[in-house]
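Here is the structure we will look at.
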Amino acid sequence: MISLSAVSRTYTDSAGARATAAICDVDLVVDAGQFVCIVGPSGCGKSTLLELIAGLQKPDSGEVRVSATGQSRPVLMLQEAALFPWLSVTGNVEFGLAVRGVRRAERREAALRQLAAVRLSRFAHAMPHQLSGGMKQRTALARALAIDPPVLLMDEPFASLDAQTRDLMHGELQRIWADTGKTIVFVTHNVREAVCLGDRVLLMSARPGRIVDGIDVDLPRPRSVTDPAVSHLAQIALDHLRDEIEKVEREEFDNGTSGP
Ligand code: ADP
Ligand code: MG
């Protein structure tokens, strides 16, 4: 469904003087219907990676492929819901369909169906300012699902929610994924969240981000971040990540590529 081979992306400032290598030599394959989590420290290039998959950025080298089914491109969901404050919940969910020229009756029906899927039917007529943080993100999820993209890209979508709400969202997202069979690439800096949600968890090193390891998560669903098995596997993943980061640092030091 998604494949990246030897993808690198470096940002340069407007004068072209300073360069920041965001990600380096990333290989990644995501199969249709898979739920993949990518976890790594802040600034390691996770958002860059998702924007590359979304087609919002081009790699400097390497190749990004997303197999196109129909017209639908991947949809990217962010940490902030960014709802239009002057539109109702339904209006927000419908908006993407209106832009795509879907007729009123059809888009209303699709919006109500997705609001039911995220358990927001009672708030169909509410305005964004009346919603809690979790409800805003559920609206954003309904908006993304309404477009029915084969691939859902999620960039730390629950990072600003409190722990209980986040736990609820983890449950909802696993249920929706099981019901819809979407391919999901979910990015987080939280290892437990990654292990809780993913079939497969990919570990990224500090900047420039590389994928240093991957673990398959074969635990029964629905999972919660508080499950002992999830904590246990998260600890193993964290140890791996620490080892890999130290290894990369050692190699760079030995090659004389780090330091002043
Ligand atoms: P993450 O999402 O893992 O926190 P990002 O992909 O946002 O990481 O950023 C990776 C690195 O690239 C960071 O060091 C960040 O400061 C830098 N960066 C991101 N976007 C830009 C940009 N538009 N211009 C210059 N540097 C950027
Ligand atoms: Mg980011």
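The values are calculated or read from the model by the stated rules, or taken from the named source; none is laboratory data. Since this is a predicted model, take the numbers as computed values, not measurements. We place every Cβ from the backbone using ideal geometry, glycine too, and count neighbours over all the protein chains shown.
Here are some notes:
- Filtering region 179-194 to residues that are closer than 21 Å to ILE215 by Cβ and either within 16 Å of ligand 1 (Cβ to nearest atom) or not in a strand (DSSP E or B) (or both) leaves VAL185, PHE186, VAL187, THR188, HIS189, ASN190, VAL191, ARG192, GLU193, ALA194.
- Subset of region 176-198 that is among the charged types (D, E, K, R) and under 17 Å from VAL230 (Cβ atoms) - its residue that is farthest from ligand 2 (Cβ to nearest atom): ARG192
- Sub-6 Å Cβ pairs linking a first residue in region 185-206 that is farther than 23 Å from ARG73 by Cα to a second residue that is outside any strand (DSSP E or B) and among the basic types (Lys, Arg), at least 6 apart or interchain, are CYS196/ARG223, ordered by first then second residue.
- Among (1) closer than 23 Å to SER88 by Cβ; (2) assigned by TED's automatic domain parsing to the domain that holds VAL39, the one test that THR188 misses: (1)
- Here ILE236 clears all of (1) out of contact with any Asp or Glu (no Cβ under 8 Å at 6 or more places or on another chain); (2) hydrophobic (A, V, I, L, M, F, W, C); (3) under 29 Å from PRO74 (Cβ atoms) except the condition numbered (3).
- Those strands (runs of 3 or more DSSP E) of region 1-87 in which at least 2 residues are within 16 Å of ligand 2 (Cβ to nearest atom), considering only elements entirely within it, cover 2-12, 19-30, 35-39, 75-77.
- Flag if ARG9 is within 11 Å of ligand 1 (Cβ to nearest atom) and surrounded by 20 or more Cβ atoms within 10 Å (Cβ to Cβ): yes
- Residues in region 75-131 that are among the hydroxyl-bearing types (Ser, Thr, Tyr) and touching a Leu at 6+ places or on another chain (Cβ under 8 Å): 2 in all.
- Qualifying positions in region 49-90 - small (Gly, Ala, Ser), more than 14 Å from ligand 1 (Cβ to nearest atom) and crowded, with 18+ Cβ neighbours inside 10 Å: ALA81, SER88
- The residues of region 116-138 that are free of Cβ contacts under 8 Å to residues at least 40 places away in the same chain, buried (at least 20 other Cβ atoms within 10 Å of the Cβ) and charged (D, E, K, R) amount to a single one, ARG138.
- Residue match in region 153-168 (condition: closer than 22 Å to ARG113 by Cβ, touching a helix residue (DSSP H, G or I) at 6+ places or on another chain (Cβ under 9 Å) and either in a helix (DSSP H, G or I) or charged (D, E, K, R) (or both)): yes
- Among the residues of region 139-168, those that are buried (at least 17 other Cβ atoms within 10 Å of the Cβ) and within 16 Å of ligand 1 (Cβ to nearest atom) comprise LEU153, MET154, ASP155, GLU156, PRO157, PHE158.
- Among the residues making up region 61-76, those that are out of contact with any Gly (no Cβ under 9 Å at 6 or more places or on another chain), modelled with pLDDT under 95 and of a type outside the set (S, T, N, Q) are ARG65, ALA68, GLY70, LEU76.
- One residue from ARG113, ARG103, ARG107 being in contact with an Asp or Glu (Cβ under 6 Å, 6 or more places away or on another chain) and without any contact (Cβ under 8 Å) to a residue 60 or more places away in the chain: ARG107
- For region 30-42, the condition holds for no residue, the condition being that it is more than 15 Å from ligand 1 (Cβ to nearest atom), in contact with a helix residue (DSSP H, G or I) (Cβ under 6 Å, 6 or more places away or on another chain) and either among the β-branched types (Val, Ile, Thr) or outside the structural domain of SER160 (by TED's automatic domain parsing) (or both).
- Condition check for ALA15: outside the structural domain of VAL212 (by TED's automatic domain parsing), among the small types (Gly, Ala, Ser), within 23 Å of GLU252 (Cα to Cα) and surrounded by fewer than 14 Cβ atoms within 10 Å (Cβ to Cβ): no
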